[in-house]
1. List, in order, the whole-Hz ³J(HN,Hα) value for each residue of the stretch 116-128 obtained from phi through the Karplus relation with A = 6.51, B = -1.76, C = 1.60 and θ = phi - 60°; use x for Gly and Pro.
2. Roughly how many Å² is the accessible area per residue of the stretch 1-91, as a whole number, for a 1.4 Å probe?
3. Taking H as built 1.01 Å from N, whose amide H comes closer than 5 Å to the amide H of Leu72, not counting residues under 5 places away?
4. Pairs of Cα atoms under 8 Å, at least six residues apart: use those to get the relative contact order of the stretch 12-149, whole percent.
5. Which ³J(HN,Hα) values, rounded to whole Hz and listed in residue order, are derived for the stretch 20-34 from phi using the Karplus coefficients 6.51, -1.76 and 1.60 in 6.51 cos²θ - 1.76 cosθ + 1.60 with θ = phi - 60°, glycine and proline given as x?
6. What ³J(HN,Hα) values, in whole Hz, does the Karplus curve 6.51 cos²θ - 1.76 cosθ + 1.60 give for the stretch 80-90 when θ = phi - 60°, with x put for Gly and Pro?
Amino acid sequence: MFHPGLRLLLWTAVIVLLQLAAPAFMLMASLACVIAAGLFSAARFVRLLSRSVWLLAALAVFFAWGSAGLYLFPELGALGPTREGVQLAAVHVMRLVAIIALVSLLVARTPAEDIVAGLHALLAPFGRVRETLAVRLTLVLRNVEDGNTGWREWLAPAACEPQVIRLRAPARPGRADLAAAAAVAGVALACWLL
């Protein structure tokens, strides 16, 4: 298995690639992400997707009705969506669905401690900021795992008991990690130049 920091970098690289890719490639990559999430973290993916339905709907409406172009239904005039808007809506909704799939894959395949350790390793140049972010992320992940996900519960005053948080340092990256990082950098550079 890859170093946690490298997994986070790969995950971020795929998300950035989805944002920069041409629509045809992005749709194929999004479909691959959705299939992978369906195979390896179906329950989590469906749960995250169901929580995002209103965001996806708002995104679709915003682009379909808010973009300039030819009216899809000319008889409706300005009340109807535009053809270009529907195309933009499809692209942006697929990007968001792919990101939701990638989040479900990351969380299903990477323990919370590894996510925090990977973030801690990636933020090494930032000194104390990395410690603060790692501790806060640990507290958020603990809160989510405990099931305290209602916003009213977060706002309610609670008795704060001191907690000891131990950050686990991941092993140093191995040769396979460095080879994978070099391959990803090569692919990213090729995509940038093409």
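The values are calculated or read from the model by the stated rules, or taken from the named source; none is laboratory data. Note that this is a predicted model, so its numbers are computed, not measured. Ligands, DNA and RNA are excluded from the accessible area calculation, which covers all protein heavy atoms including side chains. Shrake-Rupley method; radii C 1.70, N 1.55, O 1.52, S 1.80 Å.
1. Computed from phi, the couplings for the stretch 116-128 are 5, 5, x, 4, 4, 5, 5, 8, 3, x, 9, x, 5 Hz.
2. Working: 5740 Å² over 91 residues.
Solvent-accessible surface per residue comes out at 63 Å².
3. Amide H neighbours of Leu72, under 5 Å, 5+ apart: Thr82, Arg83.
4. Working: 124 pairs, mean separation 32.9, N = 138.
Averaging sequence separation for qualifying contacts and normalising by length gives 24 percent for the stretch 12-149.
5. Using θ = phi - 60°, the values come out as 9, 6, 5, x, 5, 5, 4, 5, 5, 5, 5, 4, 5, 5, 5 Hz.
6. Listing the rounded values in order: x, x, 9, 5, 5, x, 5, 5, 5, 4, 4 Hz.
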